[in-house]
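Student: This is the structure, below, for whatever I ask next.
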2 protein chains.
Amino acid sequence: MISNPADITRFLHEKIPLARAMDARVESIGAKGLVITAPMKANHNHLGTAFGGSIAALATLAGYAMLWQALGDRDAHVVIRDSQMGFRHPVTGTLRAVCPQPDETELKKFRARFARAGKARITLRVTLEENERVCVSFTGTYVAIRGMTPLSG
Amino acid sequence: MISNPADITRFLHEKIPLARAMDARVESIGAKGLVITAPMKANHNHLGTAFGGSIAALATLAGYAMLWQALGDRDAHVVIRDSQMGFRHPVTGTLRAVCPQPDETELKKFRARFARAGKARITLRVTLEENERVCVSFTGTYVAIRGMTPLSG
């Protein structure tokens, strides 16, 4: 069971070298959702703003962390199936990705399907905001699988 | 002017810390397109396959590199505006992203718009294949801007 920000951060750093290279850290988990941050120093692009690839990676991690927490099962194989991203404004400071808790009804269905079938999918939304405006939006479909060879990255 | 794989790799590593952390390297550029690779060691996930965030970052870099090469202008500000990704199969070995040269007609229009207006957009496709099947597909819209504050990451 992964249940607090420090534990999830440690797990990400142990298991995913890029999470460590980005210095990604889960800041908080709660009823409002999950917040994960990464410093600009390790994540800028050729223009001095946040690199789109770092943003994509941080959003992907936000989804993983949300689902491990939601399932309460570290051994669940969580993979991403598809994603869409929109980059509206540059991120100029610390990268801060927020993944709101999924709708309670959807989450219940997801947990029930996972418990029954050992496999379930869910769509998560992640945003990066700065100066009170959404800079980047991410939508990802994730699949959780129990006791199977992983299907994707 | 960035014109060969080693120069583009050096430029990426100097300007984008994550490209260096991933050990991303442009392998070839030619009529068939651009190939950029990254070793599994720095880019695996919690399941031992390629991390979706690394794949997203590598595909994003492939698009940047393709456009710098296509424009022949290192000072062009190339940014990503949106992306869609599909993860069909896990990548289990070296990550190898291929960005085919855009259609010649589309590329001509893109170059002409950039020369005339100082701003142009183009859609690029990138795939990661393994064992002769497409594991991941990426479609990204990029914008090239001359002499302006960067708009996005």
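The values are calculated or read from the model by the stated rules, or taken from the named source; none is laboratory data. Note that the structure is a prediction, hence the values are computed from the model and not measured. Cβ sites come from the backbone with ideal geometry, for glycine too, and all protein chains shown count toward neighbours. Calculation scope for accessible area: heavy atoms of the full protein, side chains included, ligands and nucleic acids excluded. Shrake-Rupley method; radii C 1.70, N 1.55, O 1.52, S 1.80 Å.
Student: Give the residues of the stretch B:60-103 that are among the hydroxyl-bearing types (S, T, Y) and open to solvent by less than 20 Å² (accessible area, probe 1.4 Å), sorted by residue number.
Tutor: Residues satisfying the conditions are B:T60, B:Y64, B:S83.
Student: Can you tell me which residues in the stretch A:27-59 are assigned to a strand (DSSP E or B) and open to solvent by 10 Å² or more (accessible area, probe 1.4 Å)?
Tutor: A:E27, A:S28, A:I29, A:G30, A:V35, A:T37, A:H44
Student: What are the pairs with Cβ atoms under 7 angstrom where one residue, in the stretch B:95-121, is on the phi > 0 side of the Ramachandran plot and the other, located anywhere, is open to solvent by 90 Å² or more (accessible area, probe 1.4 Å) and of a type in the set (D, E, K, R)? Sequence gap at least six, or different chains.
Tutor: That search, which allows pairs on different chains as well, returns B:G118/B:R146.
Student: Pairs, please: C-beta under 6 Å, at least 6 apart or cross-chain, first residue over 26 Å from A:D103 (Cβ atoms) and in the stretch A:12-34, second open to solvent by less than 40 Å² (accessible area, probe 1.4 Å) and aromatic (F, W, Y)?
Tutor: Close Cβ pairs satisfying both conditions: A:I16/B:F51; A:L18/B:F51.
Student: Of a type in the set (G, A, S) and modelled with pLDDT under 95 - does that describe any residue in the stretch B:71-94?
Tutor: yes
Student: Out of all the residues in the stretch A:129-143, which are in contact (Cβ under 8 Å) with a residue 60 or more places away in the chain and surrounded by fewer than 23 Cβ atoms within 10 Å (Cβ to Cβ)?
Tutor: Matches in the stretch A:129-143: A:T141, A:V143.
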